[in-house]
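Here is the structure we will look at, set down as C-alpha cells.
The values are calculated or read from the model by the stated rules, or taken from the named source; none is laboratory data. Model, not experiment: these values are computed from the prediction. Heads up, the Cβs are rebuilt from the backbone with ideal geometry, glycines too, and the neighbour counts pull from every protein chain shown. Areas reflect the complete protein model, heavy atoms only, side chains present, ligands, DNA and RNA absent. Shrake-Rupley method; radii C 1.70, N 1.55, O 1.52, S 1.80 Å.
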Amino acid sequence: MHWAEELAKRIVEKNPNKEEYVCAAGISPSGSIHIGNFRDVATSYFVYKALIKMGKKARFLFSWDEFDRLRKVPVNVAKVDSTIEACIGKPYVDIKNPFSDIKPEYDTYASYFEAEFEESMKKFAIDLDYRHQAEMYRTGKYKDLVIHALKKRKEIFDIIDRHRTQDAQEGERDAYFPISIYCPVCGKDTTKMYSLDEETMVGEFKCACGHHGKFDFNTDFNCKLAWKVDWPMRWLYEKVDFEPGGKDHASINGSYDTSKEISKEIFGYEPPIFQGYEFIGIRGTTGKMSGSSGLNLTPDTLLKLYEPEVLLWLYSKTEPTKAFDFCFDEGILRQYFEFDKMYDEVKKGTAPDYAYEIMEYTKVEGREVKTVPMGLMVQLGSVVDFNVPMLEVVFEKIGLSYKYEDFKDRLDRAKFWLEQCSPENRNVLRKTRNWDVYETLSDLEKEEIKVLHDYLKNNKFTLDELQVELYAVPKKVRNIDTESKELKQIQGTFFKNVYKLLIDKEKGPRLYLFLFAINLNDYLPLLDFSYPKTEEEAFVPVVEEVVEEVVEVKEADPVEPVLDEITIDDFLKVDLRVCEVKKCTEIRKSHNCLKLVLFDGIKERTIVSSIKNEYKPEELVGKKIIVVANLKPARLTGVTSEGMLLAGTNNACGCKVIFVDPSVPCGTRIK
C-alpha cells in the first residue's frame, strides 16, 4: 500500500462518519517559495488523492500565511529595493511589491510571491483551495477564537512552558499574551500588551515606535495569534484532518507537540493526523535551500530541469520520513532513466505492484509523457546545438524514430541543464586539428587515427559496422588476434585519443553513435594529419603573465604539548554530538558572539559562540557542527547557552568551526 493510502486509511478510521475530509498545507510568502516547501504541498496532495480514491469527499486547503511578519529581506529582493529593509516587522500583505517594475499588476509583496507560486502549481494541475490569512483575521472570521485564546492565555502559557527547557521567570505567566498587535502608526508588530480587561476585551499596548494605545478585540482585528496558538485555532476553524510539517515541527517538544495539546486543552478539538517529513537535499549546487536566502530554487525553477511528472515521482516514491536529492549534476540523468524505466514498465503492464501505486500519484491532467532518453538528448543535443531538424535526422540515423512531438517536452530541459548546470559536459567539436595532442601520440597511435580517418572517408558503413570497426582498428594496426585485458586497455586509449582530437575531452557520448550521428564533413578534417599545420593552427597566442595576489601568511602559534593522559571512560563522559544549525543571529549587545539554534536529533537547543568576527550568520545556517551536548548550561550575553561548539583557534587562521559532512545524521555521537 502506498504511504499516502496508509495515511488516508488512518484518517478515515479516526473519524469514519465525517462528510468531508480536509487535508491542509500552508506557506508564508517570505520570498520565492522554495522547492523544500513543495514537500508540504505534495504530501498533503497525495493524501487528498488517496482519500478521493477511497471514494471519500475531500478538500485540499492551502493557507497563505501572508499575515506573518517580515523577518528578513531575501537577497534577490534586497538587490532591487533597499527600502524593504525598513519594513521588517510588518505583515507581508502590507508591504509594497518590490518587483512592481516588471509585475505592476501585483500591489503587495505577498501577492507577488503568491502569484509566482500559484502559476507553478498550475503546471502540476494541482487544484488548491486557497485561504488568505490576512483576510481571515482582518474580516473578523477568527474573532471569537482569538478572544477565547486570550481568556485562556495562562493555561496556554502553562502548556508552552511544559515544552520549554528553560524555567519561566517570575511574573512571566501573568504578562503573557499569545497575540501580536500590528501598530496603527508604524504598521509593525513591535508592540507589547501590558493589560487586558477580560470583561470588555479591551487591552492596552505600547509599541517600540513610541505609540501607546487601546485595542478592542471585539471590533479591532489587526492582530494575529502566536504561531503555536494560531495553528490549532485554524485546525478547529477549518476542521482539518491531516497536515504535514517539517521534521523540526515533528521533533519532541516541537511545534506540533505543543500545538496538539493547545488544540485539545484550549480549543477542545482533536488535532489532525500529523506527518513529519525529512528535508530535501540538493546535489550539484551550493547554498541553503531557503526562500529568504535568495537561492531561487522554486518549483518553477525545478520545472526548467524536471518534467512535473518526474518531480511528483520523486515525492511519490519516497516516504515523507526519508530524504532525497534534487540533482543539478549528472544524477538527474539517472533519475530520468529510473523514471522512464518504471513508467514504461507500468504502461506495458510488466511492473511490480508498488510501481503502479507510485505512478498513480504522478499523473498530471492534460499531459502525456514521452520517455525519450534524457541522457541521449543531452549527448546528441549538445553536438547539434539542439537544432530540432538535425536532432530528428540524428535519431533516425541511429535507428530511433523520435520526432519533435516526442522530445519537445525534454528538449529545453536538456539544454537548460547542460548550459546552466553542467557546461563541462557539452560536446563541442573543435574548429581546428589538435596538434598538441597529436604530437604526443606514439607512431602506432598515430597510425590508428589514420586508419580510422581512411575508413570514415569512404562513408560506406552502417551503425553496427562502425561499432565493429572502432574496436577493430587497434587490432589491425597492432596485429592482435586474441581478446585480452591488454587489448581492452589499448582500445580504451584509442577511444580517448579520438575524443581528445575531436572535442578536447577524454570521454563523451558513445563513440560509434557520436561519429554516426553527426555530419561526417564536420569532424573528418579533425582526424586528417596528412598535411602541415595551417597558419591558424601554427599561431601561438601570447599569454599575459598573471601576477598572483600576495596573501599575508600569519605565523602559527607554537604547538602546545599534549595534555595528561585520560582513560576512555573519561573521554566518554564528554557527549560530542553532530548538530545542524537551524538559525543563527547576531546578539545586539555583543561585539563577538552569535546565537545559534541547533537541532541535535532530539530537540532544538541554543548555544552562544564568540565567532561573530569569523562568520556571517547566513554562512552557518544549514551546516552541521560538533557540539559538547552535556556541558552545563551557562548564561552568556543574556542568553542561556546549552553547549559549546568545537573549533580550532590559531593565529595562522583565526577561529575556524569544525564542520561535519552533511550526510552524517543529526544526533550522531562522535566517539
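For the reader, a short list of remarks on this structure follows.
- Ellipticity at 222 nm from helices only: DSSP H runs of n ≥ 4 in the chain, each -39500 (n - 2.57), divided by the residue count, give -11000 deg cm²/dmol.
- Crossing angle, helix 388-397 versus the chain [Cα axis fit, 0-90 degrees, rounded to tens]: 60
- Whole-percent carbon and sulfur share, accessible surface of the chain, 1.4 Å: 49
- Links that overshoot a 21 Å alpha carbon limit, given the list LYS582/LYS656; LYS347/LYS415; LYS154/LYS603; LYS589/LYS656: LYS347/LYS415; LYS154/LYS603; LYS589/LYS656
- Antiparallel DSSP beta bridges within the chain, percent to nearest 5: 70
- Cross-link table LYS632/LYS671; LYS239/LYS317; LYS79/LYS103, entries beyond 26 Å C-alpha to C-alpha: LYS239/LYS317
- For the chain, the cysteines with no partner cysteine C-beta closer than 4.7 Å are CYS23, CYS87, CYS223, CYS327, CYS421, CYS579, CYS584, CYS593, CYS653, CYS655, CYS666.
- The H on the amide N of ALA634, modeled in the peptide plane, is under 5 Å from the matching H of SER641, GLY643, each at least 5 residues off or on a different chain.
- Computed from phi, the 3J(HN,Hα) profile of region 579-596 under the Karplus parametrisation 6.51, -1.76, 1.60 (θ = phi - 60°) reads 10, 9, 7, 8, 9, 8, 9, 6, 9, 4, 8, 10, 7, 10, 9, 10, 9, 10 Hz, with x in place of Gly and Pro.
- The H on the amide N of CYS584, modeled in the peptide plane, is under 5 Å from the matching H of VAL597, each at least 5 residues off or on a different chain.
- Probing with 1.4 Å while keeping every protein chain in the model, the per residue accessible area of the chain equals 52 Å².
- Dipole of the chain, positive direction: furthest Cα of HIS249, THR190, MET136, with charges on the beta-carbon: MET136
- Listed residue pairs exceeding 27 Å between alpha carbons, taken from LYS151/LYS228; LYS90/LYS264; LYS304/LYS363: LYS90/LYS264
- Each residue of region 213-219 was assigned a 3J(HN,Hα) from its phi angle through the Karplus expression (A = 6.51, B = -1.76, C = 1.60, θ = phi - 60°), giving x, 10, 9, 9, 6, 7, 10 Hz with x at Gly and Pro.
- Loop-resident GluC sites (Glu not before Pro) (DSSP state other than H, G, I, E or B) in region 552-618 with no more than 14 further Cβ atoms inside 10 Å of their Cβ: GLU552, GLU555, GLU565.
- Under Karplus coefficients 6.51, -1.76 and 1.60, residue-wise ³J(HN,Hα) of region 259-265 in Hz, glycine/proline x: 5, 5, 6, 5, 4, 6, 7
- Taking a sphere under 10 Å around the Cβ of SER422 and counting the other residues whose Cβ falls inside, with K and R at +1 and D and E at -1, yields a net charge of -3.
- Angle between the chain longest axis and helix 485-503 axis [Cα atoms, degrees, rounded to 10]: 80
- Between SER609 and LEU594, LEU596, the built amide H atoms are under 5 Å apart, and every one of these is 5 or more places off in sequence or on another chain.
- Three-way shape call for region 1-58 based on the alpha-carbon gyration tensor, with the a/c threshold at 1.5: prolate
- The GluC sites (Glu not before Pro) of region 367-418 meeting both criteria, a DSSP state outside H, G, I, E and B (loop) and at most 14 other C-beta atoms within 10 angstrom of the site's C-beta, are GLU368.
- To the nearest ten degrees, helix 38-53 and the longest principal axis of the Cα atoms of the chain are 80 degrees apart.
- Ranking of THR200, THR649 by solvent-accessible surface, largest first: THR649, THR200 (1.4 Å probe, protein heavy atoms only, all chains present).
- When you filter the GluC sites (Glu not before Pro) in region 124-180 for DSSP loop state and at most 14 other Cβ atoms inside 10 Å of their Cβ, you are left with GLU170, GLU172.
- In region 14-170, a dipole from Cβ-located charges (positive for Lys and Arg, negative for Asp and Glu) runs towards its positive end, and of SER82, ILE33, ILE95 it is ILE33 whose Cα lies farthest in that direction.
- Three-way shape call for the chain based on the alpha-carbon gyration tensor, with the a/c threshold at 1.5: prolate
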